[in-house]
Structure formats: C-alpha cells, structure tokens
1. Considering only residues that are loosely packed, with under 14 Cβ neighbours inside 10 Å and free of Cβ contacts under 8 Å to residues at least 24 places away in the same chain, look in the range 28-40 and name the one that is farthest from residue 95 (Cα to Cα).
2. Whether any residue in the range 56-76 is loosely packed, with under 14 Cβ neighbours inside 10 Å, over 15 Å from residue 117 (Cβ atoms), touching a residue at least 24 places away in the same chain (Cβ under 8 Å) and in contact with a helix residue (DSSP H, G or I) (Cβ under 9 Å, 6 or more places away or on another chain) is what I want to check.
3. Return the residues of the range 77-87 that are surrounded by fewer than 16 Cβ atoms within 10 Å (Cβ to Cβ) and either within 14 Å of the chain's Cα centre (by Cα) or at positive phi (or both); say none if nothing qualifies.
4. Conditions: (1) surrounded by fewer than 17 Cβ atoms within 10 Å (Cβ to Cβ); (2) at negative phi; (3) touching a residue at least 24 places away in the same chain (Cβ under 8 Å); (4) assigned to a loop (DSSP other than H, G, I, E, B). Residue 20 meets all but one. Number of the miss?
5. Would the range 80-90 turn up any residue that is in a helix (DSSP H, G or I) and in contact (Cβ under 8 Å) with a residue 60 or more places away in the chain?
6. Going through the range 91-111 one residue at a time, which ones are under 16 Å from residue 18 (Cβ atoms) and either touching a strand residue (DSSP E or B) at 6+ places or on another chain (Cβ under 9 Å) or without any contact (Cβ under 8 Å) to a residue 40 or more places away in the chain (or both)?
7. Which condition from (1) without any contact (Cβ under 8 Å) to a residue 40 or more places away in the chain; (2) surrounded by fewer than 16 Cβ atoms within 10 Å (Cβ to Cβ) is the one that residue 48 breaks?
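Just so it is clear, none of the values below were taken in a lab; they were calculated from the coordinates. None of the values given here were measured: they were computed from a predicted structure. Neighbour counts are summed over all protein chains in view; Cβ atoms, including those assigned to glycine, are modelled from backbone coordinates with ideal geometry.
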C-alpha cells in the first residue's frame, strides 16, 4: 500500500512543526499578517494542523464548525482577501516545507492541494 502524503511528509510531528513555522512566517509578513489580527492563534494553529492532517491523507474526516467559504467570508468582504494574498500564503507554505527539507516533488503536491481550495477561500 502506498504511503499517504501525510506519511511522506513525516506524519503528525512533521505537520505540527510545519504549521508552527508557517504561522510564524505569516505573522511576520506585513503583506498578510493583518488578516490574523484578533485571531486566537493557538486555536488557529490547532485548526490548521487538523485540516492539513486531513488534506494530506492522515485522517479520514475533518470536523469543522464552518466550511472554507464561511470561515473566510469576512476576510474577503471586510479585509479584501484576494488572489495575491492567497499566493503569499502558498508561498509561505512551500517555503516552510522546503526549509524543513521536504522534497520539491512533495512541496508541489502540497501546492496542488492548496490550489483546490482557492475558490472557496476567496468566496468565488
């Protein structure tokens, strides 16, 4: 049986480490950090860990109170979240993984998965 992307990335410990570094990068980026003002970042980080575990094949289901559209709707309407911001987030995700020594082909697979939620995140 072929390994899931979650397993190829190193499992729970690797995803958890990547999420911590990813959000450190996001919160240091003046282009997008304002989207997280007032956000409980401990909760956000845990939410993201659960989501990525699911998205990468490490969990069979993902329980969220909101869907992608609802979760990001306010950011689109009130703060102008758009494609350029989404691109920056994907850039930070890829940079985080590359910095952790993840192979480029796996980073491309992660990027492909991220792209599948672009329209929902941007409420299109």
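1. Top of the filtered list is 38.
2. Taking the range 56-76 and keeping what is loosely packed, with under 14 Cβ neighbours inside 10 Å, we get 60-67, 70, 74.
Okay, now just the ones that are also over 15 Å from residue 117 (Cβ atoms), so 60-61, 63, 65, 74.
Imposing the further condition that a residue be touching a residue at least 24 places away in the same chain (Cβ under 8 Å) reduces the set to none.
No: zero hits.
3. So the first thing to find is which residues in the range 77-87 are surrounded by fewer than 16 Cβ atoms within 10 Å (Cβ to Cβ), and the list is 77-80, 82-84, 87.
Scanning the range 77-87 gives 80, 87.
4. Going through (1) surrounded by fewer than 17 Cβ atoms within 10 Å (Cβ to Cβ); (2) at negative phi; (3) touching a residue at least 24 places away in the same chain (Cβ under 8 Å); (4) assigned to a loop (DSSP other than H, G, I, E, B) one by one, residue 20 breaks only (4).
5. Keep residues of the range 80-90 that are in a helix (DSSP H, G or I), which gives 83-90.
Filter once more, keeping what is in contact (Cβ under 8 Å) with a residue 60 or more places away in the chain: 89.
Yes - at least one qualifying residue is present in the range 80-90.
6. Initial filter on the range 91-111 (under 16 Å from residue 18 (Cβ atoms)): 91-104, 106-111.
Once the filter is applied, which keeps residues that are under 16 Å from residue 18 (Cβ atoms) and either touching a strand residue (DSSP E or B) at 6+ places or on another chain (Cβ under 9 Å) or without any contact (Cβ under 8 Å) to a residue 40 or more places away in the chain (or both), the range 91-111 yields 91, 94, 98, 101, 103, 104, 107, 108, 111.
7. Single failed check for residue 48: (2).
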